[in-house]
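Just below is one structure, and these are the notes that go with it.
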Amino acid sequence: MNALTSLSTQPTKRVREDGPIIGVEQLTKSYAKPKGGQFNAVDNVTFEVSAGETYAMLGPNGAGKSTTIEILEGHRKPTSGAARVLGCRPYKASPAFRARIGVVLQEATDAGELGVAESLRNLAVFYPNPRSVDEVVAAVGLEEKASARIKALSGGQRRRADVAMGLIGNPELLFLDEPTTGFDPEARRAFWELIRSLGQDGTTVVLTTHYLDEAQQLADRLGIIAGGRLIAEGTPTTIGGPEVRTPRVRWTDQEGRHEQITTEPASLIQRISDGGRREPELLEVFRPSLEDIYLQLLDHQKSVDPKPASEPRNRQDLP
Amino acid sequence: MSSSNVTASRSLNRARDPDKPWRPNTFVLGCRRTVVEIVLFNRDVASLFFILLFPILIMGLFSTVFGDEPTFGAEGDVVDPITPAQYYLPGLIALGTILSGFQNLSGYVAAERYNGAIKRLAGTPLPPLSYFIGKTGLTLYLIVTQTVLLLLFAGFVMDVPMPTDPQQWFTFAWVLLLSTGAWSMAGIAFACLAKSAQSAATLTVLPVLLLSFTSGVYFPFHRLPEWLQNIANVTPLRWTASGMRSVFLPEGWEMAEPGQAWHLGLSAVVILLWLIVGLVVVRLTFKWPPQK
Ligand SMILES: Nc1ncnc2c1ncn2[C@@H]1O[C@H](COP(=O)(O)OP(=O)(O)O)[C@@H](O)[C@H]1O
Ligand SMILES: [Mg+2]
């Protein structure tokens, strides 16, 4: 995506539908364990995404991100709970529903013998209002590879082709499962630009990632998933609540290094500096970054729930 | 690129009747899929060569080994002997139905189940039926091309006499299509039951090899021991081969068949039964979207 051109805007901004475009309620997906028994890959998850929003699911490997997003795409059937997307139950929904969504799967190795533009043309005919192939090829920066076979692309280029295939149907709701895996830093920045331009067009975007900077850059709101549970939700600047963002003051004196969490850093500094007459060594005031907060939340989750992918919780209620 | 044109045509599209939900045209998309399948298949030169030319290769090979004199006679010399090429033609056409229908489809569908191709398509508005129309189109393309090539080779290079009675060509057509259909269903069902793309590719060779020996493709069927004939009698290839023999072997050769008759009705029944069972198994095992 070296020469990124943003996709042409819609004639009018997409009509915002009232209420959430995605509603997930107490969603659970259980799989059989290899040694028998069941575990919940997605465990009682509830969230909403409104029209036009970019929502990121952030979590470590195996957290349940793909399982959740594939339930929303209609690729997997929930074990219990409800998922509603664009007013439909996505599993086995009609072609009219599929025409309104775009899907970029976490991994696919298909279509190797097809050319980039060719595979996009083949997909475009399935949709009522597809985007132009040239436009989409340009948007993901693959102009020079438009006629190359997909199997001849590098990992990152192949991933961009996948993104292009998700965009070709001109979806109003786009799902991206770890879209930037294998991108070089430049391509990743260009991809962020592309997603922002889609967001400005009114396209709703749901993406999963384990890159914090990606979530921070793109998401209007984000949910942190670990062990199948949604452990925190909010905007990149509010997630985790105000407590975890309380400023920290660090300094060094004869007794050694100190770190203090305080809502009043200025007065603390005044005290330790004797009203400004003494300079504390190595003084810093900082607020935890999203990364600090994320790691803190995961730690906390582990301490309350040492076995993340748990037995169904209502097990112990059974006779 | 004129993006104003793009947006203009798009808003036109959006202005369709809002009360009528949009539906894709299953048949048109099926035809598009057919074109894609054929283009893709033609790029796989090794498969193309194997599927399309294998029967010709075998016919050429047998003619080299057994000569091109009329040395093949029926049991008891009830009729004039025929050339090895004429003798092998019906069996090789029958072999084509299992190559194009079963071997090709099971390999491709299994690969598409495991490499994400079906999952990708299931995420688009493409109806699953269009996917099947595409597979049917590809199979028809293969079986027709393969058979035409073999007939041309047999007729012009090996001087095999062709039937002149339209009734015989009619028999030829229904046996060919019904058998290919039955084998296609078996191939897709096989692909759905396979645990990996690799195991599907390896295992499909087995039925092709075994059945071609038990169905009178390479040896006269009546020379098989009776227990083997009984097993072969419940497989479709045996009935495809005998149906094709009724078309391409001269009159009198039915004396060399079990029961001294072609039993075309029985051919139709057995092949149709396989087609129906295959259809049911596919219906039960083919998942769109792939199940997880
Ligand atoms: N089809 C499946 N069968 C059994 N277990 C599965 C299946 N799909 C996912 N899982 C398990 O569910 C958990 C969550 O997986 P996934 O949603 O892919 O995680 P993520 O995308 O966050 O890395 C993992 O422990 C994974 O092994
Ligand atoms: Mg994943």
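Annotations for the structure displayed:
- The single condition from (1) more than 19 Å from A:SER289 (Cβ to Cβ); (2) more than 14 Å from every other protein chain (Cβ to nearest Cβ); (3) touching a residue at least 60 places away in the same chain (Cβ under 8 Å) that A:GLY182 fails is (3).
For (1) at pLDDT 85 or above; (2) over 29 Å from the mean Cα position of the chain (by Cα); (3) loosely packed, with under 10 Cβ neighbours inside 10 Å, each residue gets a yes or a no:
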site	(1), (2), (3)
A:ASP274	yes, yes, no
A:PRO306	no, no, yes
A:PRO312	no, no, no
A:ARG315	no, yes, no
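- Complete set of residues in region A:113-139 that are assigned to a helix (DSSP H, G or I), facing chain B (nearest Cβ under 9 Å) and either among the aromatic types (Phe, Trp, Tyr) or over 24 Å from B:ALA111 (Cβ atoms) (or both): A:ASP134, A:GLU135, A:ALA138
- Hits in region A:62-111 - residues which are among the small types (Gly, Ala, Ser), part of a loop (DSSP other than H, G, I, E, B) and closer than 23 Å to A:ILE168 by Cβ: A:GLY74, A:ALA93, A:SER94, A:ALA99, A:ALA108, A:ALA111
- Selection within region A:28-38 - surrounded by 17 or more Cβ atoms within 10 Å (Cβ to Cβ) and away from ligand 2 (no atom under 16 Å from the Cβ): A:THR28, A:SER30
- Summed over region A:173-182, residues that are away from ligand 1 (no atom under 14 Å from the Cβ) and modelled with pLDDT of 95 or more total 2.
- A:LEU173 crowded, with 19+ Cβ neighbours inside 10 Å and within 13 Å of another protein chain (Cβ to nearest Cβ): yes
- Among the residues of region A:47-76, those identified as of a type in the set (Asp, Glu) and more than 16 Å from ligand 2 (Cβ to nearest atom) are A:GLU48, A:GLU53.
- Odd one out for A:GLY166, checked against (1) within 11 Å of chain B (Cβ to nearest Cβ); (2) in contact with a Lys or Arg (Cβ under 8 Å, 6 or more places away or on another chain); (3) within 16 Å of ligand 2 (Cβ to nearest atom): (2)
- The condition of being in contact with a Ser or Thr (Cβ under 9 Å, 6 or more places away or on another chain) and within 14 Å of another protein chain (Cβ to nearest Cβ) holds for only one of B:ALA110, B:ALA122, B:ALA94, B:ALA85, that being B:ALA110.
- Checking region A:77-88 against the condition returns no match, with no residue being modelled with pLDDT under 95, within 16 Å of ligand 2 (Cβ to nearest atom) and on the phi > 0 side of the Ramachandran plot.
- One residue stands out in region A:56-105 among those that are more than 15 Å from ligand 1 (Cβ to nearest atom) and within 20 Å of A:LEU230 (Cβ to Cβ): the one that is nearest to the other protein chains (Cβ to nearest Cβ), namely A:PRO90.
- 2 or more residues closer than 17 Å to A:PHE47 by Cα and out of contact with any helix residue (DSSP H, G or I) (no Cβ under 9 Å at 6 or more places or on another chain): qualifying strands (runs of 3 or more DSSP E) within region A:222-295: A:229-234
- Only listed residue being within 25 Å of B:THR136 (Cα to Cα) and either among the hydroxyl-bearing types (Ser, Thr, Tyr) or over 17 Å from the mean Cα position of the chain (by Cα) (or both), chosen from B:SER246, B:SER242: B:SER242
- Taking region B:200-292 and the helices (runs of 4 or more DSSP H) fully enclosed by it, the elements with 3 or more residues that are under 30 Å from B:THR83 (Cβ atoms) and touching a Pro at 6+ places or on another chain (Cβ under 7 Å) are at B:236-248.
- For region B:255-278, filtering for residues that are of a type in the set (D, E, K, R) and surrounded by fewer than 20 Cβ atoms within 10 Å (Cβ to Cβ) leaves 0.
The values are calculated or read from the model by the stated rules, or taken from the named source; none is laboratory data. Keep in mind that what you see is a predicted model, and the values were worked out from it rather than measured. So basically every Cβ, Gly included, is an ideal-geometry build from the backbone, and we count neighbours across all protein chains shown.
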